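Undergrad: Here it is, the structure in full.
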Amino acid sequence: MKTGFYKAFEDRFRGSREVIKDRLRVYLPFSEPFKQTDAKLKIFDIGCGRGEWLELMTESGFDAYGIDIDEGMLADCHEKKLPAAKGDAVAFIKTLENDSHTIISAFHVAEHLSFDDLNVVVAEALRILKPGGLLIMETPNPENIMVATKYFYLDPTHNRPIPPELLSFLPEYHGFERAKVLRLHEPDNVINSDHQRLHNVITGVSPDYAVIAQKTASPEALAKFDHAFEKEHGMELEVLSNQYDQSILHNINIKTTEAQTLAREATSRATQAESRAVQAEHHATQAESRAVQAEHHATQAESRAVQAEHRAAQADISLQAVYASWSWRITWPLRKLLDVAKMICRLPVSLVRWVMRLPARFASWMVVKAMAFAIQRDPLRLRLLGQVNKYPRLKARLMKLGQEKGLIDQPLLSFEGTDRNAHTQDNEGTDFDLLSPRAKTIYHDFKKALEQGRKENT
């Protein structure tokens, strides 16, 4: 492969030096306990690449060195003055002394090796590590669907993906005390999400994993690493798929609850609508009943109107018969008198009193006229006088009336000395002249009414 290609490839697709160095800090809890037990902290990094791990371990106080076959990758190590050399790591590891190293590391190397070479590396690491020493192997995680189907094959030097179960089994097979799988570098939004999506299942499983194997040592020495080995890392496909299933079930439950709520609301609205429909039907029935009743009342009213019209016609016929009867004709004066009486009743009290005295005044006026007529005719006067002498009280009143009206100057007993021509004038007399204009009008109207009645009766 052309020199420089692989470094450019790593820079593009693996990440910058700073990003990789920061990711490698996840292994510090496994390396820190060595500072308490071992004064000689030696680390051999297989396939050291740009030297991020060598730099981090050197800063932590370890004696770290590495080996790689790509000169372009080693250029960064030389620039940083890190101890790294070009060479075949499988051949080189066979030359190292037994129980001489604290940590043997291989970051993204296992996928480049054949399975036989990988067995050699694991077996040789067990030999050269001190008791309690660690073998760290990091590689792409084929549990991640996108890694297993796409991203793994971006690197043309990759051999084949290695399942976590296989890589963790190798140290156990070769005699390491314990081995732990760390799933690494998963997106934060996947770890912190309460509701997983299908996209997370496909891409969110930890894209890398590491197998950390520890060589047998005393229980006291191993106990210093228990905390680091007990801590869980990353996201497994099974866990993520279960979370996705729970999210689906949760969404289904939410939608089911919403659907049930909507169904209950719809049922409630349907019940209310049905109730309103029943009420409307009841109101319609009542309205129809009222309409029938109204029609019945209208029919009755129409019948009563016809009956009333019939009775009115009969009454009109009866009234016409009454108007044509003889009794109606002969009672005409009486009705007129009643009309006059009604008219009088509507007049002021003083006028009514005056009208009520009008007949007496009219009678007095008639008596005065008769006396004047009799005085002018001796035979009549003597005859009347003979009759009046039989009634002293009447005589006294006639005499008083004659004196008041100026007809006689002496007692009415003889009417002697009376001027026969004193009252020969055909006039109404002095009392009538004393009447008011309205009284005279009423008298004349009454007189005309009497004359009209006599004409109609004849």
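Computed from the coordinates by the stated procedures, all read-outs in this text should not be read as laboratory data. All figures in this text were calculated on a predicted structure; none of them were measured in a lab. In this analysis, Cβ positions are derived from the backbone assuming ideal geometry, glycine residues included, and neighbour counts consider all displayed protein chains.
Undergrad: If one takes the longest principal axis of the Cα atoms in the chain, at what angle in degrees, from 0 to 90 and to the nearest 10, does the Cα axis of helix 437-457 lie?
TA: Approximately 80 degrees, to the nearest 10.
Undergrad: Applying 1/(1 + (r/R0)^6) with R0 = 51 Å to the Cβ-Cβ distance of LYS81 and HIS195, what FRET efficiency is obtained, to the nearest 0.05?
TA: In this case the efficiency is close to 0.55.
Undergrad: So which GluC sites (Glu not before Pro) in the range 74-158 end up in coil per DSSP with only 10 or fewer other C-beta atoms within 10 Å?
TA: The qualifying sites are GLU97.
Undergrad: Oh, and also: Of the beta bridges DSSP finds with both residues in the chain, what % are antiparallel, to the nearest 5?
TA: 45 percent
Undergrad: Right, another one. At 7 Å along Cα-to-Cβ for each site, give me the label-to-label distance between ARG353 and LYS455 in nm.
TA: Computed distance between label sites ARG353 and LYS455 equals 3.7 nm.
Undergrad: Normalised by the number of residues in the range 78-185, what is the relative contact order in percent for Cα pairs under 8 Å and 6+ residues apart?
TA: Value for the range 78-185: 26 percent.
Undergrad: Moving to a separate point now. Report the extension gain between GLU71 and LYS94 in nm, rounded to one decimal, defined as 0.36 nm multiplied by the number of residues separating them, less their alpha carbon distance.
TA: Computed gain between GLU71 and LYS94 is 6.1 nm.
Undergrad: Also, quick follow-up: Once each part is reduced to its C-alpha centroid, what is the distance from the range 256-277 to the range 166-232 in angstrom?
TA: When both Cα centres are located, 53 Å separates them.
Undergrad: Now a separate question. Multiplying the sequence separation of LYS40 and ARG377 by 0.36 nm and subtracting their Cα-Cα distance, what value in nm do you get?
TA: 102.1 nm
Undergrad: For ALA370 and ALA324, what is the calculated FRET efficiency with R₀ set at 45 Å and r taken between the beta-carbons, to the nearest 0.05?
TA: E between ALA370 and ALA324, to the nearest 0.05, is 0.65.
Undergrad: Mind checking which lysines have their Cα closer than 26 Å to the Cα of LYS40? Skip sequence neighbours fewer than 8 apart in that chain.
TA: Candidates past the 8-residue exclusion: LYS21, LYS80, LYS81, LYS86, LYS94, LYS130, LYS180, LYS215, LYS224.
Undergrad: While we're here: Is it possible to state the helix-based mean residue ellipticity at 222 nm for the chain, with each DSSP H run of 4+ residues giving -39500 (n - 2.57), the sum divided by total residues, to the nearest 500 deg cm²/dmol? What is it?
TA: Taken over the chain, the calculation gives -19500 deg cm²/dmol.
Undergrad: I want to check the label-to-label distance for GLU302 and ASN251. Put each point 7 Å from Cα in the C-beta direction and report it in nm to one decimal.
TA: Output for this residue pair reads 7.2 nm.
Undergrad: Could you point to the label whose value was computed as Rg and Dmax of the Cα atoms in Å for the structure here, given [x] 73.6, 204; [y] 34.4, 152; [z] 21.1, 65?
TA: Computing Rg and Dmax of the Cα atoms in Å and matching it to [x] 73.6, 204; [y] 34.4, 152; [z] 21.1, 65 gives [x].
Undergrad: Moving on. If R₀ is 60 angstrom, what is the calculated FRET efficiency for the pair ASN159 and ARG276, using the beta carbon separation as r and rounding to 0.05?
TA: That gives a FRET efficiency of 0.20.
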